[in-house]
Each structure stands twice: as C-alpha cells, then as structure tokens.
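The values are calculated or read from the model by the stated rules, or taken from the named source; none is laboratory data. Quick caveat, the model's predicted, so the values are computed rather than measured. As a convention, Cβ positions derive from the backbone with ideal geometry for all residues, glycine included, and neighbour counts pool all protein chains shown. Protein only, heavy atoms only, side chains kept; ligands, DNA and RNA dropped before computing areas. Shrake-Rupley method; radii C 1.70, N 1.55, O 1.52, S 1.80 Å.
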Amino acid sequence: MSMMECRKDFLSFLDSDMSLKILMCLDDPVDLVRVSCVSRSWRHYVIVNSLCKQLCLRIFPQLSRVTRVVETNQHGLEETPEVGSSSSMEWLALQRDHRVYAYLARSFKSSVSMNCIAKTIVASSTDNFPQESIDNTLEPSDHIAGRYSYWSSNGQSNPNVPETLTYELASQICVVTEINIQPFQAYFQMGGPIYSAKSVRFKMGHINASLDASADEKIVWTYTSPEFPMTQENELQNFKLPEPVLCIGGILQVELLGRVQRQEMDGLLYICISHVQAVGSLLSPAFSVDILEPSGMFVLKCDRNYQPPATSEEESGANSTDYMQRGLRDFQQIVTILRGHVIGVVEDDWDEEEYEADDFEEEYAL
C-alpha cells in the first residue's frame, strides 16, 4: 500500500476537546492559516472554533472588550453580506472574524518597532512655562540650539507628591512594548544634580466622550503597568512591559512617583525629564476602532483594501529592510499556500464543487 493511500486525518481519530487543545498550542497566525489550508474539514474546524480570535485574545487581553468586528470598503463603509438564512449569516460572520483576527495577529507579528508618541497633551505641573514645557520631552536631545531642553515639575517639600506626563500616540490603535525615559541632569547647577523620579508607572486608555464625565474622568484608563524603579542616572532608561499592550484610544500617561533630588537654591524637590519614548507598532490605517460610551466597549474595524507603503532602505535602515523582506517572503509563502499549491495536502474530504480555490484565495487575500 502506498503512502498516499495510508494518509489519514488524525483529527478524525480524536475527540473535539483534544483536537482543540492541540491546535490551541499554535502561537503563530501563519500556522493557523496553514492548518486551515490542509482540508475543508480542518478549515471549518479552525473557523467555527474561532482559533484566530482566541490567539489574539491570548496575545492581547484588551480585545475582550470588542463587541464585534467589521470590514470596510475603500470608502470606509462597512461591508455587509446579502441577507440569507440565519445559519448562513452566522457562518459568514465566523469567516469575517477569522479573516480580521488572522490579519490583526499577522500585522503585529510583522510590524516594525518605532516611537509611537505623536504629541503631548498635558503635564500635571510645570515650573517655568514654556521654557520647561512637556513639549521638550519629545526632543531626543537635552541640548538644542544652544539651550537646555527638558520638562520640570513644580517644587515640593513632600517627596511623595507624584507628577504625570500625558501623551497622544500616533494611532488610535497600536501595540506598545516598552517605555524609555531619560531624567535630566542640570549641568548648570553646582554638582550637576540629576532630577529623576524614584519609580515610574504607565497607564493607557482613551478619551471619555461622555458629556457627563467630570474633569477627573475625561480619560478612561484600560491598562495600568506595574511600578518600575528608576535610577538617578542621565541616560535613556528602558522599561519593558511584562507583555505587549494593545492601546485602544491612543492615550499614554507616565506617572513619576517619588522625588529624590532637592534643588539647592530653594530647598524644594523637583522631577525633570528630558526625553520620553513609547516603543511599539502602529496598527492603523489597516485597523481602527469605534469606542462605545459609556460602556468602554469598542467595534474593531478592518480595512481589507489597505496596502502598506513600500519603505526604502534609506528611510528605514538596512536592519528593518531585511526584516520587512523576510516578512514579504513569509507573506508570499502564505499566498502560495492559499492558492492551493501545497505539497502533501490531505484531500480526502475536499469538495471541489462547494469550495473553489478562487473563493478561498479571495477570502484570505490579506
């Protein structure tokens, strides 16, 4: 008996729970797409059990607040299927969720890290405005055009008075992996003191659009990090988050906790920061969200017509270009799989009449 005649679908010999446990071990969206290409029954199993959605929820628990996902056309309008039976509509919804979540996970895996901060919003206090404004923390250098560049808090006698710096990120939906902060060293003061904080903590969230929101409720915080110790050193200090965070709404707040440096001139404690970075990746314009108030739940929107722009080596550097080229080779491999050019595909339950290759390619055209 030949090997071709001995091929069997091993999932058919396992109960549903065991099959699900095995496939849930896959942690790469590419592998889930490949599994769904093996046969019609495997594809159905991946979609009906929402495996791509479950993978995204494991990566980003913040997605538990998604009420539904939609796909938009080139005009930004929701694509709605023709009305059919309840079972066919349910199947179309499962297919749509599968496409969107597979694309979302793949977008994160293949993205290039960058500084996601777009602009400043507000500082809890400023000693001398605008010379010591929070806007200075966007500059990577602490010395610009012959002057020192930094933000300074008001002076306090109590070392436990905290400060906050609030920023708007470059995308309404992005993934943040780490925050980098550089305390400011006052070279113009005796001994060059460094005005760092004792520790830092980070919050992410979205603007509260409710008209009834008070001043303290204008931002809804959906993530709060652990507290990280800060050293009293004039260097860009890295604070890596325990897990990548999906920031919905694009608001970041840096909490500076505890004061360690007293100014000799007035005897008060200050915190001074020269630079802040939020390192991660932007998921827009391929993805956007509609936040539903007052619940804080949101609709995840996917633009399937979006094509990422080509990036030259001069713009992104050789390392990121190589990274993108590897991602392109992976994507080309996926396209080949989706077109059905796969060696060793189990075809025992493949129904050509009901499941044409062209339909399959259109569905998964990411």
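Every listed requirement among (1) surrounded by 11 or more Cβ atoms within 10 Å (Cβ to Cβ); (2) farther than 24 Å from residue 110 by Cβ; (3) modelled with pLDDT under 80 is met by residue 3 save one, (1). The residue of the range 134-150 that is farthest from the chain's Cα centre (by Cα), among those that are of a type outside the set (Asp, Glu) and open to solvent by less than 60 Å² (accessible area, probe 1.4 Å), is 144. If the condition is being of a type outside the set (Gly, Ala, Ser) and under 30 Å from residue 158 (Cα atoms), then the range 266-299 contributes 266, 268, 269, 270, 271, 272, 273, 275, 276, 277. Just so you know, in the range 278-301 the residues that are part of a strand (DSSP E or B) and not aliphatic (A, V, I, L, M) include one that is farthest from residue 171 (Cα to Cα), and it is 298. When residue 265 is tested against the conditions (1) more than 26 Å from residue 126 (Cα to Cα); (2) modelled with pLDDT under 95; (3) open to solvent by 40 Å² or more (accessible area, probe 1.4 Å), the lone failure is (1). The combined condition, being open to solvent by less than 40 Å² (accessible area, probe 1.4 Å) and either assigned to a loop (DSSP other than H, G, I, E, B) or modelled with pLDDT under 95 (or both), is fulfilled by residue 107. Just for the range 232-256: of the residues that are of a type in the set (S, T, N, Q) and in a strand (DSSP E or B), which one is surrounded by the most Cβ atoms within 10 Å (Cβ to Cβ)? My answer is 253.
Among the residues of the range 171-185, those identified as in contact with a Pro (Cβ under 8 Å, 6 or more places away or on another chain) and of a type in the set (S, T, N, Q) are 177, 185.
Applying the condition of being in contact (Cβ under 8 Å) with a residue 12 or more places away in the chain, more than 15 Å from residue 100 (Cβ to Cβ) and not in a loop (DSSP other than H, G, I, E, B) to the range 44-54 and asking which residue is least open to solvent (accessible area, probe 1.4 Å) yields 45.
For the range 133-159, the tally of residues that are among the aliphatic types (A, V, I, L, M) and modelled with pLDDT of 95 or more stands at 2.
For (1) open to solvent by less than 10 Å² (accessible area, probe 1.4 Å); (2) modelled with pLDDT under 85, each residue gets a yes or a no:
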site	(1), (2)
271	yes, no
278	yes, no
281	yes, no
290	no, no
295	no, yes
299	no, no
305	no, yes
311	no, yes
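Would you confirm whether or not the range 75-86 contains a residue that is aliphatic (A, V, I, L, M) and either crowded, with 17+ Cβ neighbours inside 10 Å or at pLDDT 85 or above (or both)? No, that holds for no residue. Among the candidates 63, 32, 57, the residue that is surrounded by fewer than 17 Cβ atoms within 10 Å (Cβ to Cβ) and in a helix (DSSP H, G or I) is uniquely 57.
Taking the residues in the range 231-259 that are touching a Phe, Trp or Tyr at 6+ places or on another chain (Cβ under 8 Å) and within 30 Å of residue 187 (Cα to Cα) as candidates, determine which candidate is modelled with the lowest pLDDT. So, considering only residues that are touching a Phe, Trp or Tyr at 6+ places or on another chain (Cβ under 8 Å) and within 30 Å of residue 187 (Cα to Cα), the one modelled with the lowest pLDDT is 234. In this structure, is residue 130 modelled with pLDDT of 90 or more, open to solvent by 60 Å² or more (accessible area, probe 1.4 Å), at negative phi and over 31 Å from the mean Cα position of the chain (by Cα)? Criteria met by residue 130.
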